[in-house]
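I have placed the structure first, in the form of structure tokens, so that the comments after it can refer back to it.
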Amino acid sequence: MTKSSWPLYEVFVRGKRGLNHVHVGSLHAPDDEMALRNARDLYTRRNEGVSIWVVKAEAITASSPDEKDPFFAPSGDKVYRHPTFYAIPEDVPHL
Amino acid sequence: MDLERQFEQTVAADHRVEPRDWMPDGYRATLIRQIAQHAHSEIIGMQPEGNWISRAPSLRRKAVLLAKVQDEAGHGLYLYAAAETLGADRAELTEKLIEGRQKYSSIFNYPTLTYADVGVIGWLVDGAAICNQVPLCRTSYGPYARAMIRVCKEESFHQRQGYELLMTMMSGTRQQREMVQDSVNRWWWPSLMMFGPSDAESSNTEQSMVWRIKRHTNDELRQRFVDMSVPQAEKLGVTLPDPALVWNPDRGHHDFGEIDWTEFWQVVKGEGPCNAERIAHRRKAHEDGAWVREAATAYARKKEQAA
Amino acid sequence: MDNAYDGLTDAGEEKHWAFGTGFTAALAGVDRAIPDADRDSLTAYCLMLGDDALIYSQRLAEWCSRAPELEEDVALANIALDLLGQARLLLSRAAEIEGVGRDEDALAYLRDEREFRNVRLAEIDCGPGPGGDFGTTIARLLIFSTWRLAVFQRLVTSADPVLAAVAAKGIKELAYHRDHAAQWVLRLAGGTEYSRERIVAGLDRVWAFTEELFATHRVEAALPGIAVDPASARAEFDQVIDTVLNAAGLDRPQVKQVAALAGQAGRDGVHTAAMGFLLAELQHIARSMPGARW
């Protein structure tokens, strides 16, 4: 049997306006255009109006968490960059 | 710090292990086996219910069932993707499935005989799956846990549609009520078997618990499922086919009868009522689709060369 | 945060789980007044459009668990679900206008073959059964969705507010179906030698049912301002099809049409042999258990 495996794509979705694109998972597709369509079918179903990014998994350059110290330590002490640093009253929605 | 200790600390602290972290070979192999088996179960699991889409007795039921079976394709896909982060290619895993070298949940080797089975699969089989899967949302491997969160969200609709169908049928004709009871009789024991061999017989449990791949033993989850199902059966007005099933106030749990382990191992070993046809169905789809997958690959290559 | 999806969905809201919930709200707020027209014609017209979607959806759903790849399995099921949704809205509207106490299920499950008004293109087996394959399936999807989209684009101004609303909702779905088909036509035509053969054969097979799509039926002629005359959609259909075929390097099929029987075809309840088997499967449980509740 012939094996013809489509490349792996990573999928990022903007859930609603004002939010970042978030990684939601991956899928296989023969090319970029089909990847986008498959992502719509699979990860957004019918919620129109969202924005989707797809990128071939092999195109992503990643740091390894094992190299954590030199790469991430500089931001580790800047707690003010993190949203949880700020006390927000409970009744403020969607924050 | 040495890699193994760092891994153990990550797991012990209930942090997630991520794809590019160092991990022991055994951990990787166990995960690939478990995730692949889980993914295969979703894909093979499309068949027993998919069988009824064309015959669904109302348009609403048809839409619900098609959406549900479609979800299962999606779930299989999320899970294959999680396995791929460990270096196992989906095409390879599919080959292993259709060559019978990897397993899937034995429950799908039982036939669906009436439309009541669609309801009972939703109620009991998906209910048992949820018991197994909810703890996996906190499993130690990040991509698997994230896939399971999405799966569990969708599964709860699956269970509810099943129970709702059964409630509707129980309020229908006498023939319908008999169909439901007959279906419960056939699916109850196989549903209990979904939790796997008893803890004493389960070879992989202990190490998987240490690695926090598994969070509960087979028998713990099975007990939880029985305790959950008894009041649901009462509300529905059906009898669970186990004369030994009784509330034990001392344990605070239901006691229940012994599973037929001979049947269990027979089905696991491939001698269930539908093993051969399930694999044949999957193989045919895969092989019939080969020319389509190749065509799309060839087209993409030509486009790239032209660019 | 343990849940990576919190940013994407409003957790706990049922509608986000999946399809299968929230079917009822599709036309919320739409005026359901029945326009001043011949009731029989209006009912028949809703059945025509509804049966097209119902029967084609039944065929598409046959792919479930049989598609060439999992992603495509999900895509085809989405299309089938869209069409089933359209069918339910249209059959419910037919029942409402008819006004004799039938509902969508009575119309779908208890009518006989001669009472179904779908075009024959919707009912033929184009795969995964022995009557076709993925190439034929894509060819039908291209023809059907291009035609139905062109009709629905004209239906949005219908004097029946429900038909107009169904069309407005359906346009978005059909545009996606057409695009999906067109993408695959390009890939099959430009893929391998074999895939090119398959899409050419598929187009030949379904092209034989195209004339029927554009024949003005007397029901349509009896409902000016409400129904769309499909003949008016022909030019647009031809233009879209030619654009796709051109891009794929394919010629328009030159095949004989499957003729009507004494002027009658699907719209008049005159179907192909495949239709009886399709309905037998679709209807058998509902019919064999009268009085049952589902």
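The values are calculated or read from the model by the stated rules, or taken from the named source; none is laboratory data. Just so it is clear, the structure is predicted and the values come from calculations on it, not from any experiment. No Cβ is skipped: glycine too gets one built from the backbone with ideal geometry, and neighbour counts run over all protein chains shown. Side chains are part of the model used for accessible areas, which takes the heavy atoms of the whole protein and leaves out ligands, DNA and RNA. Shrake-Rupley method; radii C 1.70, N 1.55, O 1.52, S 1.80 Å.
One residue alone among B:A285, B:A306 is farther than 30 Å from B:E95 by Cβ and within 12 Å of another protein chain (Cβ to nearest Cβ), and that residue is B:A306.
Sort out which residues of the stretch B:44-76 are touching a residue at least 24 places away in the same chain (Cβ under 8 Å) and facing another protein chain (nearest Cβ under 7 Å), and write them in order of number.
If the condition is that a residue be touching a residue at least 24 places away in the same chain (Cβ under 8 Å) and facing another protein chain (nearest Cβ under 7 Å), then B:M46, B:Q47, B:R55, B:P57, B:R61, B:V64, B:K68, B:D71, B:A73, B:G74, B:G76 are the ones that fit.
Taken residue by residue, the stretch A:43-52 has no member that is at pLDDT 90 or above, facing chain B (nearest Cβ under 9 Å) and either assigned to a helix (DSSP H, G or I) or surrounded by 11 or more Cβ atoms within 10 Å (Cβ to Cβ) (or both).
Against the test of being open to solvent by 20 Å² or more (accessible area, probe 1.4 Å) and touching a residue at least 12 places away in the same chain (Cβ under 8 Å), the options B:P190, B:P249, B:P241 yield a single qualifying residue, B:P241.
The single condition among (1) out of contact with any Leu (no Cβ under 9 Å at 6 or more places or on another chain); (2) assigned to a helix (DSSP H, G or I) that C:G29 does not satisfy is (2).
For C:F209, are the conditions met, namely being buried (at least 19 other Cβ atoms within 10 Å of the Cβ), more than 14 Å from chain B (Cβ to nearest Cβ) and closer than 17 Å to C:I79 by Cβ? So that I can check it myself, show each step before the final result.
On the way: buried (at least 19 other Cβ atoms within 10 Å of the Cβ): yes; more than 14 Å from chain B (Cβ to nearest Cβ): yes; closer than 17 Å to C:I79 by Cβ: no.
So C:F209 does not fit the description; no.
Selection over the stretch C:151-176 of residues that are without any contact (Cβ under 8 Å) to a residue 24 or more places away in the chain and farther than 29 Å from A:R37 by Cβ gives a count of 1.
Name every residue in the stretch C:151-175 that is assigned to a helix (DSSP H, G or I) and among the acidic types (D, E), in order of residue number. The answer is C:E173, and nothing else. Here C:A159 fulfils each of the conditions (1) of a type outside the set (D, E); (2) in contact with a Leu (Cβ under 7 Å, 6 or more places away or on another chain); (3) under 24 Å from C:R39 (Cα atoms) apart from (2). Can you name the residue in the stretch B:2-32 that is of a type in the set (D, E, K, R) and surrounded by 11 or more Cβ atoms within 10 Å (Cβ to Cβ) and is also farthest from the chain's Cα centre (by Cα) among such residues? The selected residue is B:E4.
The residues of the stretch C:263-290 that are more than 20 Å from the chain's Cα centre (by Cα), open to solvent by 30 Å² or more (accessible area, probe 1.4 Å) and at pLDDT 95 or above, listed by number, are C:Q264, C:H284, C:R287, C:S288. Residue count for the stretch C:169-203, restricted to those that are more than 20 Å from the chain's Cα centre (by Cα) and either open to solvent by less than 20 Å² (accessible area, probe 1.4 Å) or more than 29 Å from C:R154 (Cβ to Cβ) (or both): 15. Residues being part of a helix (DSSP H, G or I), at pLDDT 95 or above and within 11 Å of another protein chain (Cβ to nearest Cβ) are entirely absent from the stretch B:182-192.
For the stretch B:213-232, the condition holds for at least one residue, the condition being that it is open to solvent by 20 Å² or more (accessible area, probe 1.4 Å), at pLDDT below 95, closer than 21 Å to B:I35 by Cβ and within 14 Å of chain C (Cβ to nearest Cβ).
One residue alone among C:I97, C:I143, C:I138, C:I124 is β-branched (V, I, T), open to solvent by less than 40 Å² (accessible area, probe 1.4 Å) and more than 18 Å from the chain's Cα centre (by Cα), and that residue is C:I97. Check B:S208 against each of (1) away from every other protein chain (no Cβ under 14 Å); (2) open to solvent by 30 Å² or more (accessible area, probe 1.4 Å); (3) within 30 Å of B:Y27 (Cα to Cα) and name the one condition it does not meet. Only one criterion in (1) away from every other protein chain (no Cβ under 14 Å); (2) open to solvent by 30 Å² or more (accessible area, probe 1.4 Å); (3) within 30 Å of B:Y27 (Cα to Cα) is unmet by B:S208, namely (2). Looking only at residues of the stretch B:120-139 that are within 14 Å of chain C (Cβ to nearest Cβ) and in contact with an Asp or Glu (Cβ under 8 Å, 6 or more places away or on another chain), we find that the one that is most open to solvent (accessible area, probe 1.4 Å) is B:R138.
Can we say C:A260 is surrounded by 12 or more Cβ atoms within 10 Å (Cβ to Cβ), under 18 Å from C:V156 (Cβ atoms), hydrophobic (A, V, I, L, M, F, W, C) and under 22 Å from the mean Cα position of the chain (by Cα)? Answer is no for this residue. B:H254 meets the conditions (1) in contact with a Phe, Trp or Tyr (Cβ under 7 Å, 6 or more places away or on another chain); (2) not in a strand (DSSP E or B) in every case but one. The failed one is (2).
Of all residues in the stretch B:77-130, those satisfying the criterion of being among the β-branched types (V, I, T) and within 30 Å of B:P19 (Cα to Cα) are B:T85, B:T94, B:I98, B:I130. Scanning the stretch B:162-176 for residues that are outside any loop (DSSP other than H, G, I, E, B) and either under 13 Å from B:A233 (Cα atoms) or free of Cβ contacts under 8 Å to residues at least 60 places away in the same chain (or both) yields B:G162, B:Y163, B:E164, B:L166, B:M167, B:T168, B:M169, B:M170, B:R174, B:Q175.
Scanning the stretch C:192-206 for residues that are of a type in the set (A, V, I, L, M, F, W, C) and within 14 Å of chain B (Cβ to nearest Cβ) returns C:I199, C:V200, C:A201.
Conditions (1) among the small types (G, A, S); (2) more than 12 Å from B:A39 (Cβ to Cβ); (3) assigned to a loop (DSSP other than H, G, I, E, B), marked per residue:
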site: B:R60; (1), (2), (3): no, yes, no
site: B:L66; (1), (2), (3): no, yes, no
site: B:E72; (1), (2), (3): no, no, no
site: B:R101; (1), (2), (3): no, yes, yes
site: B:G122; (1), (2), (3): yes, yes, no
site: B:G127; (1), (2), (3): yes, yes, no
site: B:C131; (1), (2), (3): no, yes, no
site: B:C152; (1), (2), (3): no, yes, no
